[in-house]
Amino acid sequence: MDTQIQNMGTDGREVREIVPLGIIGAIIGVLLGTILWVVISQVGFIAGIAGYAIVYCGMKGYHILGRKLSKGGIVICIILSLLAIFGAEMISLAISAYTELHVSIGEAFGLIPDLMGEPELVGIVVKDLAVGYILSIWASYSSIKSVWKETGR
């Protein structure tokens, strides 16, 4: 992203960041990336590309609605992305409960606290989250670093 050019208006003045709209855009973006995570996890994989998609879509959404991506916006997007990865894993767990236990999807989400009381399942979820976070950081690091440097100029 060439944020320096994107942060200039058509009349040459700097575009002002609209943080609340940026946050809404980031939420929409991370939700789109979360869908990819859930779909890939249902096939039985944890992919760094899904974590990257969550981060990228969050930053793109922030930039589109917030009109500018600042360092603060990047931090907000990263935090939202980390929360979205956790949420995506819980959605995947609920979908698995739905298919395995033959309950309604609402009941499957209601079972998550009970399921998380099972040490064996907690170990699986923690492992999936650890791998997911590591792959997401690995896939997104250079992109975040590049955008971070670009916003500093």
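The values are calculated or read from the model by the stated rules, or taken from the named source; none is laboratory data. What you are looking at is a predicted structure, and each value in this text was computed from that prediction instead of being measured. Here the Cβ positions follow ideal geometry from the backbone for every residue, glycine too, while neighbour counts run over all protein chains shown. Quick note on the areas: whole protein, heavy atoms, side chains included, nothing else; ligands and nucleic acids left out. Shrake-Rupley method; radii C 1.70, N 1.55, O 1.52, S 1.80 Å.
Please work out if Tyr62 is aromatic (Phe, Trp, Tyr), within 15 Å of the chain's Cα centre (by Cα) and modelled with pLDDT under 95. Criteria not met by Tyr62. Looking at the structure I just gave you, is Gly51 touching a residue at least 40 places away in the same chain (Cβ under 8 Å), crowded, with 17+ Cβ neighbours inside 10 Å and out of contact with any Ser or Thr (no Cβ under 6 Å at 6 or more places or on another chain)? No. Regarding segment 69-86, can at least one residue be identified that is open to solvent by 60 Å² or more (accessible area, probe 1.4 Å), modelled with pLDDT under 95 and not in a helix (DSSP H, G or I)? Scanning segment 69-86 turns up no residue that is open to solvent by 60 Å² or more (accessible area, probe 1.4 Å), modelled with pLDDT under 95 and not in a helix (DSSP H, G or I). Residues in segment 105-125: is at least one of a type in the set (Phe, Trp, Tyr) and touching a residue at least 24 places away in the same chain (Cβ under 8 Å)? No, segment 105-125 contains no residue that is of a type in the set (Phe, Trp, Tyr) and touching a residue at least 24 places away in the same chain (Cβ under 8 Å). For segment 136-145, residues that are open to solvent by 50 Å² or more (accessible area, probe 1.4 Å), in contact (Cβ under 8 Å) with a residue 60 or more places away in the chain and of a type outside the set (Phe, Trp, Tyr) total 1. Quick check: anything in segment 110-128 open to solvent by 40 Å² or more (accessible area, probe 1.4 Å) and within 19 Å of Ile35 (Cβ to Cβ)? Scanning segment 110-128 turns up no residue that is open to solvent by 40 Å² or more (accessible area, probe 1.4 Å) and within 19 Å of Ile35 (Cβ to Cβ). May I ask you to say which residue of Gly61, Gly110, Gly123, Gly106 is part of a helix (DSSP H, G or I) and under 25 Å from Gly22 (Cα atoms)? None of the others qualify; the one that does is Gly61.
For segment 61-85, a tally of residues being farther than 12 Å from Ser136 by Cβ, in contact with a Gly (Cβ under 6 Å, 6 or more places away or on another chain) and touching a residue at least 40 places away in the same chain (Cβ under 8 Å) returns 6.
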